[in-house]
Amino acid sequence: MTAILGISAYYHDSAASLVVDGEIAAAAQEERFTRVKHDASFPRNAVKFVLEHAGLALDDVESVVFYEKPFVKFERLVETYLAFTPRGFVSFSQAMPVWLNEKLFQKKMLLEELRAIHPGFPEERLLFSEHHLSHAASAFYPSPFDEAAVLTLDGVGEWNTTTVYVGKGKDLRIVKEINFPHSLGLLYSAFTHYTGFKVNSGEYKLMGLAPYGEPRFRDLILERLIGLKEDGSYRLDMRYFDFATGLRMVNRRFCDLFGQPPRRPEIDPLTQFHMDIAASIQSVTEEAVLRMTRALAAELGMENLCLAGGVALNCVANGKILRDGAFRNIWIQPAAGDAGGSLGAALAAWHLHMGKPRSARMSGAGAMDGMQGSCLGPSYSQEEIEKELIRCGAVFEKFETGKMLEMTANALTEGAVAGWFQGRMEFGPRALGSRSILADPRRGDIQKNLNLKVKFRESFRPFAPSVLEEDTERYFDLRTASPYMLLVAKVIPGIRLEMSEEQKRLFGIDKLNVRRSTIPAVTHVDYSARVQTVGKEANPLYRRLIELFREKTGCSVLVNTSFNVRGEPIVCTPADAFRCFMGTGIDMLAIGDCILHKKNQNPALMASYEKKFQDD
């Protein structure tokens with residue numbers, strides 16, 4: 001048996017992944033254990049979990065692989081400052097002490113952390129991958145494809161911001177790249193910052209805001225900020241940005257171009273201007289990735305495309321790539337951001353460093369991939385769940401599994417919001433039916449109530465549907481599986497509701513309250529939905545719940561949002577779930593075979609949860 005431990009850390013979303021004989025054994029983000037959103041620290045808790053899950057000690061691991069090369073990143077930092085000198089001296093003087101004291105010596109830091117776990121851990125067992133290779137490996141090797149083009153897009157790794165790899169069997173080689181400071185990910189993040197959301201956290205808010213606006217700044221962005229060629233290659237005009245050498249994403253020239261200063265979060269309201277800005281940069285991003293994928297399909301002559309990197313979490317763009325049809329099949333790594341780099345680093349070591357072949361899997365759109373539904377985190381036995389609930393002071397009843405499912409389905413049909421905690425925790429940013437908050441999508445008030453009373457977040461944020469895979473086309477214009485909630489599709493005309501002339505004249509956030517389909521809670525203002533299809537293999541218990549809901553209502557869809565509140569990592573332990581349950585408007589909690597009702601709990605255990613975590 002050969003085990004390889006992959007680690008990502010020291011930027012954001014640190015994580016650990018364990019690959020045993022080429023198969024993914026376990027993976028988890030550090031934030032789930034520390035309860036610090038996007039935790040960047042060394043993932044000691046995640047490392048402990050993945051090793052314990054496999055029954056291994058660190059000494060049993062063949063290699064530990066870090067997901068990028070710190071010295072190359074330092075080289076990029078120095079060369080960038082030299083290229084832009086004398087601009088950026090202030091940020092250079094602030095960054096250098098941090099690099100010289102900490103980041104430049106990350107190998108030493110990593111060895112110290114590993115030796116704290118296992119004294120005497122040998123230096124030769126510590127390997128380093130490249131950032132974009134880690135992304136590419138995380139996308140290709142777990143995919144169901146024997147051959148594929150692999151496109152990775154993010155902010156920046158060491159130098160790369162956009163890369164194209166070709167994967168065949170166990171081999172993976174780079175064929176194209178775009179380097180810093182020219183970055184589609186950083187361009188999107190610049191607009192994230194400009195509209196008042198957090199970089200590396202709020203990009204999905206910008207995507208969710210876009211349908212409320214009109215892309216009236218699209219041409220201006222293409223004319224002034226990004227030179228986009230027909231093949232999707234691009235260059236940014238760095239006169240408008242400050243991220244290369246400064247302490248901010250954008251500068252005064254950028255703000256003057258659009259005529260307003262950056263929105264101050266939690267102070268300035270979201271206006272139609274910000275919605276139009278969001279729509280514009282989303283449109284530009286979609287145009288860029290479509291040009292890339294069309295050109296790559298024509299040049300490489302391949303049917304399959306794999307995606308990773310933070311931009312691959314833009315599920316609206318992913319849906320357009322799929323519908324465009326340049327590639328017949330696409331597969332997206334569910335942990336597409338830096339957390340997934342830990343997995344890619346381990347897989348790259350197994351297949352490229354050690355030269356091991358991939359396991360035999362079917363190829364094609366309907367094939368099973370190697371991610372096991374992304375349910376790769378901790379699980380808890382019924383005994384462990386009950387012990388934790390008792391320690392928390394919870395009032396609960398235990399039922400046979402079938403009865404627990406029946407009671408949960410009944411509660412959902414009656415309008416309850418249910419916390420759902422079952423099986424292994426998901427790896428990646430999406431809750432996929434293991435750590436979820438569920439509701440009835442047919443109710444028109446669910447979206448606003450969930451946002452304001454349960455999630456404590458902006459009212460415009462959309463919710464995703466989980467649909468039984470075989471019933472997908474009854475609701476959505478989607479003809480492929482989407483198990484990881486990474487594709488956006490339109491609600492089909494047959495279940496749409498026509499808007500009145502008065503409703504059609506509404507602007508911005510006023511569009512929110514218009515009922516657009518027979519499943520309004522998961523239908524966004526542009527008739528789109530971020531779809532999760534639930535097949536028969538990945539999460540059978542969650543599937544049985546949706547089947548029961550269909551038997552009772554005729555509806556094959558549930559609202560599925562992550563089990564957390566704004567600024568909080570998704571819950572990991574039963575105690576996390578109980579605290580979130582007690583601090584929010586969730587009505588009931590199904591955890592293992594236990595059912596908890598809010599009305600039965602000790603009122604003294606209820607606490608305000610809204611301000612517990614920093615805004616994301």
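The values are calculated or read from the model by the stated rules, or taken from the named source; none is laboratory data. What you see is a predicted model, and the numbers here were worked out from it, not measured in a lab. Here the Cβ positions follow ideal geometry from the backbone for every residue, glycine too, while neighbour counts run over all protein chains shown.
Could you go through region 522-536 and let me know if any residue there is within 21 Å of the chain's Cα centre (by Cα), within 23 Å of ASP445 (Cβ to Cβ), assigned to a helix (DSSP H, G or I) and in contact (Cβ under 8 Å) with a residue 12 or more places away in the chain.
Step one: list which residues in region 522-536 are within 21 Å of the chain's Cα centre (by Cα), which gives 522-524, 528-535.
Add one more test, that the residue is within 23 Å of ASP445 (Cβ to Cβ), and what stays is 522-524, 528-532.
Now restrict to residues that are assigned to a helix (DSSP H, G or I): 522.
Going one step further and asking which of them are in contact (Cβ under 8 Å) with a residue 12 or more places away in the chain, we end up with 522.
Checking region 522-536: at least one residue is within 21 Å of the chain's Cα centre (by Cα), within 23 Å of ASP445 (Cβ to Cβ), assigned to a helix (DSSP H, G or I) and in contact (Cβ under 8 Å) with a residue 12 or more places away in the chain.
Got a sec? Which of SER556, SER562 is modelled with pLDDT of 95 or more, in the same structural domain as ARG474 (by TED's automatic domain parsing), over 22 Å from the mean Cα position of the chain (by Cα) and of a type in the set (S, T, N, Q)? Walk me through it before giving the result.
Working: SER562 fails: over 22 Å from the mean Cα position of the chain (by Cα).
Result: SER556 is the single residue among SER556, SER562 that is modelled with pLDDT of 95 or more, in the same structural domain as ARG474 (by TED's automatic domain parsing), over 22 Å from the mean Cα position of the chain (by Cα) and of a type in the set (S, T, N, Q).
Only one of GLU130, GLU124 is farther than 13 Å from GLN333 by Cα, at pLDDT 95 or above and out of contact with any Leu (no Cβ under 8 Å at 6 or more places or on another chain); which?
The match here is GLU124.
Can you say whether LEU300 is in the same structural domain as SER189 (by TED's automatic domain parsing), within 22 Å of SER129 (Cα to Cα), in contact (Cβ under 8 Å) with a residue 60 or more places away in the chain and among the aliphatic types (A, V, I, L, M), as far as the supplied structure shows? If you could, list the steps in order and put the result at the bottom.
Working: in the same structural domain as SER189 (by TED's automatic domain parsing): yes; within 22 Å of SER129 (Cα to Cα): no; in contact (Cβ under 8 Å) with a residue 60 or more places away in the chain: yes; among the aliphatic types (A, V, I, L, M): yes.
Against the criterion (in the same structural domain as SER189 (by TED's automatic domain parsing), within 22 Å of SER129 (Cα to Cα), in contact (Cβ under 8 Å) with a residue 60 or more places away in the chain and among the aliphatic types (A, V, I, L, M)), LEU300 does not qualify.
Run down ILE586, ILE546 and say which single residue is within 25 Å of PRO334 (Cβ to Cβ), modelled with pLDDT of 95 or more, of a type in the set (Val, Ile, Thr) and in a helix (DSSP H, G or I).
ILE546
Could you grab me the full set of residues in region 42-63 that are in contact with a helix residue (DSSP H, G or I) (Cβ under 8 Å, 6 or more places away or on another chain), part of a helix (DSSP H, G or I), of a type outside the set (A, V, I, L, M, F, W, C) and in contact (Cβ under 8 Å) with a residue 60 or more places away in the chain?
ARG44, LYS48
On the given criteria, is ALA339 surrounded by 24 or more Cβ atoms within 10 Å (Cβ to Cβ), within 25 Å of VAL61 (Cα to Cα) and within 11 Å of the chain's Cα centre (by Cα)? Walk me through how you get there before you give the answer.
Details: surrounded by 24 or more Cβ atoms within 10 Å (Cβ to Cβ): yes; within 25 Å of VAL61 (Cα to Cα): yes; within 11 Å of the chain's Cα centre (by Cα): yes.
So ALA339 passes the test.
Would you say ASP39 is closer than 20 Å to GLN333 by Cα, charged (D, E, K, R) and in a loop (DSSP other than H, G, I, E, B)?
Details: closer than 20 Å to GLN333 by Cα: no; charged (D, E, K, R): yes; in a loop (DSSP other than H, G, I, E, B): yes.
No: the conditions fail for ASP39.
Restricting to region 477-519, count the residues that are in contact (Cβ under 8 Å) with a residue 60 or more places away in the chain, buried (at least 21 other Cβ atoms within 10 Å of the Cβ) and outside any loop (DSSP other than H, G, I, E, B).
3
Between a residue in region 1-12 that is farther than 12 Å from PHE66 by Cβ and modelled with pLDDT of 95 or more and any residue that is assigned to a loop (DSSP other than H, G, I, E, B) and of a type in the set (A, V, I, L, M), which pairs come within a Cβ distance under 6 Å, given they are 6 or more apart or on different chains?
ALA3/LEU56; ALA3/VAL61
Quick one: GLY567 ticks every box in (1) at negative phi; (2) crowded, with 16+ Cβ neighbours inside 10 Å; (3) not basic (Lys, Arg) except a single one, so which number is it?
Looking at each condition in turn, GLY567 falls short on (1).
Could you go through region 572-585 and let me know if any residue there is crowded, with 23+ Cβ neighbours inside 10 Å, closer than 30 Å to TYR475 by Cα and among the hydrophobic types (A, V, I, L, M, F, W, C).
No, there is no match, as no residue in region 572-585 is crowded, with 23+ Cβ neighbours inside 10 Å, closer than 30 Å to TYR475 by Cα and among the hydrophobic types (A, V, I, L, M, F, W, C).
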